[in-house]
Each structure stands twice: as C-alpha cells, then as structure tokens.
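Trainee: Input: one structure, supplied below.
The values are calculated or read from the model by the stated rules, or taken from the named source; none is laboratory data. It should be emphasised that the depicted structure is a prediction, and the values quoted were computed from it without experimental measurement. Cβ placement follows ideal geometry from the backbone for every residue including glycine, while neighbour counts extend to all protein chains displayed. Protein only, heavy atoms only, side chains kept; ligands, DNA and RNA dropped before computing areas. Shrake-Rupley method; radii C 1.70, N 1.55, O 1.52, S 1.80 Å.
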Amino acid sequence: MIKTILWDVDGTLLDFSRSESCGIRSCLEEIGFRGCNDAMLERYARINDRYWKALERGEVTKQEVLLGRFETFFREEGISCEDVAAFNDSYQRKLGELFFENENAIQLCRKLHGRAAQYVVTNGTVQAQKNKLKNSGLGECMDGVFISDEIGVEKPGKGFFDHVFAEIGPVNRDEVMIVGDSLTSDMRGGNNAGILCCWYNPQNKPNTAGVRIDYEIRSLWDVEKILG
C-alpha cells in the first residue's frame with residue numbers, strides 16, 4: 001500500500017513549458033525585444049535544460065544556472081540585456097503568476113487528499129514555487145513542501161530526500177512513491193532514496209537514463225489507480 005506521494009511540480013503537476021514560454025516572451029518585451037518566436041523559445045529551452053542537467057550532476061551552482069542560461073541565450077541570439085540578474089528576477093516573479101495545470105492536476109490532488117499524504121519535492125526557486133503553489137491552489141492539497149533552495153541539496157541528491165524523511169517522520173519507504181517527469185532528477189532521486197518511482201511519461205519517451213521505474217504512466221490520473 002502506498003501511503004505517501006512525493007510530487008514533482010514543473011512538468012508533472014504543472015505545464016512548465018507553457019509557463020516558460022509565456023514568461024520569457026513577457027520578460028523580453030519588458031527589455032524592448034519584441035522579435036521572440038517559437039524557434040527562439042525552443043533554443044532557450046534546450047539551453048535551460050543543459051544548465052539544469054549540469055546542476056543535477058553537481059557541475060554548476062544554482063546561481064550559475066539562473067544567470068548563465070540567460071547569458072548564453074542572449075549571446076547566441078544577439079539580444080542586448082544590461083542587467084541579467086534583474087531579468088531573472090522578473091522571470092521568477094512571472095513563473096509564480098503564470099501557471100497551467102496538467103490534466104486537472106489540482107482536482108486530482110484534492111481527490112487524493114486524505115487517501116495518502118502528499119508532499120511537493122522541487123528544484124525550482126523558492127520565489128517561483130511558493131507563489132505558484134499558493135496562486136494555483138496546489139499548496140492547499142499538500143501536507144508539506146520541500147524546495148531544494150531551502151534544503152541546500154538538489155534532487156536527485158540523497159541528502160535532499162534524507163531531509164524530506166527527517167521532516168515528515170518515520171515512514172516505510174516501500175510505501176512512499178515519487179511521481180515526476182524527469183528521469184535524471186525525479187526517478188534517479190527516487191532510486192537514490194530507495195522509494196517507489198512513478199514516471200509521468202505522456203509522450204512515451206524511452207528510458208535513456210538506466211534508472212529503475214516501478215510505474216510508468218501516460219496520465220496523472222493513473223496515480224489514483226496505482227493507489228487502488
């Protein structure tokens with residue numbers, strides 16, 4: 001029996017790609033650049049993904065991710081931005097305001113409330129995550145929220161999950177399941193923590209990370225079926 005669910009947020013409960021695109025377009029307009037197109041957004045997304053993967057491997061710091069991705073993007077696209085830190089601050093604010101749920105995820109979490117303890121586990125920034133959880137209503141469904149910036153360790157690090165379990169109290173890890181879209185962050189993190197791993201894979205991508213997957217789902221609502 002699964003008694004505890006650890007939910008990833010971006011890319012799982014919420015459609016981060018859509019928020020990212022809206023946020024980048026809005027921030028670029030604020031600095032006077034109005035030529036942003038879909039191809040540029042795709043290039044930014046690839047740059048951003050590379051930086052976050054490097055963070056998961058411990059190769060860069062969170063601050064280097066937050067600023068470096070934009071510095072690289074601006075340089076490669078020939079965009080002039082005098083204050084990258086201010087651009088990122090604006091972007092973080094927008095991510096807390098621009099949120100789009102996947103598959104009525106909020107309704108799902110409300111339905112599961114009481115059937116299993118639910119916690120957020122995220123590598124996002126404190127400002128963006130706390131605001132989006134509050135504004136979306138997802139925070140009301142959760143028994144707790146764990147953000148890597150506050151813990152001091154990123155997923156998939158074992159230390160991140162050690163902190164989570166120290167806070168939520170004694171649990172049987174065979175009864176804990178992490179649900180997330182990232183193989184390298186969520187599923188590897190679950191492997192490191194010794195808990196059940198549920199991969200949210202709506203696009204039917206291959207498991208290229210060589211990590212253990214206990215459940216693979218196309219729809220978030222399959223989590224309800226797994227609980228039984």
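Trainee: Tell me, please, whether a residue that is aromatic (Phe, Trp, Tyr), under 18 Å from Lys53 (Cβ atoms) and in contact with a helix residue (DSSP H, G or I) (Cβ under 7 Å, 6 or more places away or on another chain) can be found in the range 192-205.
Mentor: yes
Trainee: Which of the residues spanning the range 22-44 are among the small types (Gly, Ala, Ser) and at pLDDT below 95?
Mentor: First pass over the range 22-44, keeping only residues among the small types (Gly, Ala, Ser): 23, 26, 32, 35, 39.
Scanning the range 22-44 gives a single hit, Gly35.
Trainee: Could you tell me whether the range 154-166 includes any residue that is touching a strand residue (DSSP E or B) at 6+ places or on another chain (Cβ under 8 Å), open to solvent by 10 Å² or more (accessible area, probe 1.4 Å) and of a type in the set (A, V, I, L, M)?
Mentor: No, every residue in the range 154-166 fails to be touching a strand residue (DSSP E or B) at 6+ places or on another chain (Cβ under 8 Å), open to solvent by 10 Å² or more (accessible area, probe 1.4 Å) and of a type in the set (A, V, I, L, M).
Trainee: I'd like the full set of residues that are open to solvent by 50 Å² or more (accessible area, probe 1.4 Å) and either touching a residue at least 24 places away in the same chain (Cβ under 8 Å) or hydroxyl-bearing (Ser, Thr, Tyr) (or both), limited to the range 83-99.
Mentor: Step one: list which residues in the range 83-99 are open to solvent by 50 Å² or more (accessible area, probe 1.4 Å), which gives 83, 89, 93, 97-99.
Hits for the range 83-99 are Arg93, Glu97, Leu98, Phe99.
Trainee: Which helices (runs of 4 or more DSSP H) does the range 1-103 wholly contain that include 2 or more residues that are of a type in the set (Asp, Glu) and over 21 Å from Gln129 (Cβ atoms)? Outline the logic, then answer.
Mentor: On the way: elements: 16-30, 38-56, 62-77, 84-97.
Here the list reads 16-30, 38-56, 62-77.
This table checks each residue for (1) at positive phi; (2) under 16 Å from the mean Cα position of the chain (by Cα); (3) surrounded by 21 or more Cβ atoms within 10 Å (Cβ to Cβ).
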site: Val121; (1), (2), (3): no, yes, yes
site: Asn135; (1), (2), (3): no, no, no
site: Met142; (1), (2), (3): no, yes, no
site: Pro170; (1), (2), (3): no, no, no
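Trainee: Could you count how many residues in the range 170-228 are in a loop (DSSP other than H, G, I, E, B), in contact with a strand residue (DSSP E or B) (Cβ under 7 Å, 6 or more places away or on another chain) and either within 20 Å of His113 (Cα to Cα) or without any contact (Cβ under 8 Å) to a residue 12 or more places away in the chain (or both)?
Mentor: 2
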